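The values are calculated or read from the model by the stated rules, or taken from the named source; none is laboratory data. Quick caveat: nothing in here was measured; it's all calculated off a predicted structure. Cβ atoms come from the backbone with ideal geometry, glycine included; neighbour counts cover every protein chain shown.
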């Protein structure tokens, strides 16, 4: 059976749990335990007198069975039969062993089971209590459901077929991220199915060949036939789509729909636009299919070893995939998964989009730092050493990889010096800038970082204009290494303020009720923008949604602001492009200006377009127009 598993056989009294449980345990050659044998005497007396048990009566009993399951797992798999009629009972039973739990639900009609109970002898629960069990029964959404009308041998055969030949989780699309997620799931003991399309002479036997490469995929099922892939999955099916964002997702959904059943769950793990995720969420809801838009950050290595995961959709659907995503996610400093239910609709893809916008700025700031250090006369090895000295106060994943980049050599020369200075992008920075404009949020640093990439792409024109315009390099860049560090820390705080401001405004606009502290927490591990600053923000966001009102950060900004001003001034005087640093200081100047120049803008608008204005000396919000 692979990994050790507790098989809980559940259902109302009389459904045949004990019979089926014993047969299953015998067939699998593992221990069997009947939950009824563990009831305290008080519960047995209460049921024998015709009184149904309440939740308080059951709680101690459930905890005993939970402890039994945990203890047995240390040695072997086992079968435990227990009515487990409510979801909260099942949660108690599997509290610490969710990933090692399989539920088998024996389902039957009231009259069918009533007749069975009446035919039993020496059972302490009278049939009159059966109705009370049906009244509280909450049918499990995540279980192997078996019709009790079948013969016991046939039931065991069907259970084994489900356990042995069907997969828990499907992965559609075996690109770099898809392959890494497959290996991550398999390494965590999950039985998975993998699918990649078949294209003659282009993509042939991709899934099968991939399976053959890695021993951890030995129990995985590999497919290039869509119907076979879908049919290989336990119901309700869980299928994660790792394909290119855009129309491809819609084509895949349409291909899958004829093969899906009600309550199946599709998970879009790509960088989809949050508006399209909302549309797909509503469309699939009308078809009875759940859609979970999920941001995934961490790149190839993160996907393999533990990414940051940002799922959104209906919470009940998330619960169906929760154990898989939380198990494969990175862990934070408290060993909690860097995965959380974000909210409804497209909120998961929205915060992944903003995550990428913050990432754009973090990358741009480091690029500007390196440019300034080079202007100070440092070679790549010295730049790497300087960046390494930043780690004690400004550590981050991006800082660490930039250090490695500057140390990498090829043929005794630094590789970074051989890389063409044209930066690409996949659209998320563009989307973030558009979303900022649509929501009226001044995410100026994200826009600046995006436009810096656009400028870089005009390589030929930059070379031409460099020859046409004189650059002033007459003076030395007068900044110290410590001032560069302080300016860097200053700009990063402004960047994170803007990013989370955008998330908070979207949360208010769309009624998503996003938890900024929890979002920061899942970004402390596995993802590209994990950093010591992000860890600090987890606590800051427990007190406020505006980090620039936090006294500790106010003190840091005030302390580092002079260095940021000096660095920007020196860059301007020496014709060094440092747009992100410049925008950081200009934004703080603007956001802290009590009386802005916007009065002049309003006067101009009123002059040429009669757009009206309000007055400082009138609190009534009345609109005025002047014949200028």
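Taking the stretch 295-330 as the range and being part of a strand (DSSP E or B) and under 24 Å from residue 102 (Cβ atoms) as the test, the residues that pass are 309, 311.
In the stretch 533-549, the qualifying residues are those that are touching a helix residue (DSSP H, G or I) at 6+ places or on another chain (Cβ under 7 Å) and under 20 Å from residue 333 (Cβ atoms), and the one that is surrounded by the fewest Cβ atoms within 10 Å (Cβ to Cβ) is 542. Just one of the listed residues (492, 521) is over 21 Å from residue 342 (Cα atoms), at pLDDT 95 or above and crowded, with 16+ Cβ neighbours inside 10 Å, namely 492. One residue stands out in the stretch 215-234 among those that are crowded, with 17+ Cβ neighbours inside 10 Å and part of a loop (DSSP other than H, G, I, E, B): the one that is modelled with the lowest pLDDT, namely 234.
Of the residues examined, residue 555 is one that is out of contact with any strand residue (DSSP E or B) (no Cβ under 7 Å at 6 or more places or on another chain) and modelled with pLDDT of 95 or more. Just wondering, is there one or more residues in the stretch 370-385 that are in contact (Cβ under 8 Å) with a residue 40 or more places away in the chain and under 22 Å from residue 443 (Cβ atoms)? Within the stretch 370-385 (the criterion being in contact (Cβ under 8 Å) with a residue 40 or more places away in the chain and under 22 Å from residue 443 (Cβ atoms)), the answer is no, since none of the residues qualifies.
Residue-by-condition table, conditions (1) at pLDDT 85 or above; (2) out of contact with any strand residue (DSSP E or B) (no Cβ under 7 Å at 6 or more places or on another chain); (3) over 22 Å from residue 259 (Cα atoms):
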{"position": "133", "(1), (2), (3)": "no, yes, yes"}
{"position": "149", "(1), (2), (3)": "yes, yes, yes"}
{"position": "153", "(1), (2), (3)": "yes, yes, yes"}
{"position": "165", "(1), (2), (3)": "no, yes, no"}
{"position": "173", "(1), (2), (3)": "yes, no, no"}
{"position": "180", "(1), (2), (3)": "yes, yes, yes"}
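Per the listing 256, 266, 284, the residue uniquely at pLDDT 95 or above, in a strand (DSSP E or B) and crowded, with 18+ Cβ neighbours inside 10 Å is 266. Scanning the stretch 127-145 for residues that are touching a residue at least 60 places away in the same chain (Cβ under 8 Å) and in contact with a helix residue (DSSP H, G or I) (Cβ under 8 Å, 6 or more places away or on another chain) yields a count of 8.
Filtering the stretch 5-53 to residues that are closer than 15 Å to residue 65 by Cα, surrounded by fewer than 16 Cβ atoms within 10 Å (Cβ to Cβ) and free of Cβ contacts under 8 Å to residues at least 24 places away in the same chain leaves 37, 40. Based on what the data block shows, is residue 316 surrounded by fewer than 19 Cβ atoms within 10 Å (Cβ to Cβ) and either modelled with pLDDT of 95 or more or over 9 Å from the mean Cα position of the chain (by Cα) (or both)? Yes; evaluated as a whole, the condition is true for this residue.
The condition of being more than 28 Å from the chain's Cα centre (by Cα), modelled with pLDDT of 90 or more and part of a helix (DSSP H, G or I) holds for only one of 212, 186, that being 212.
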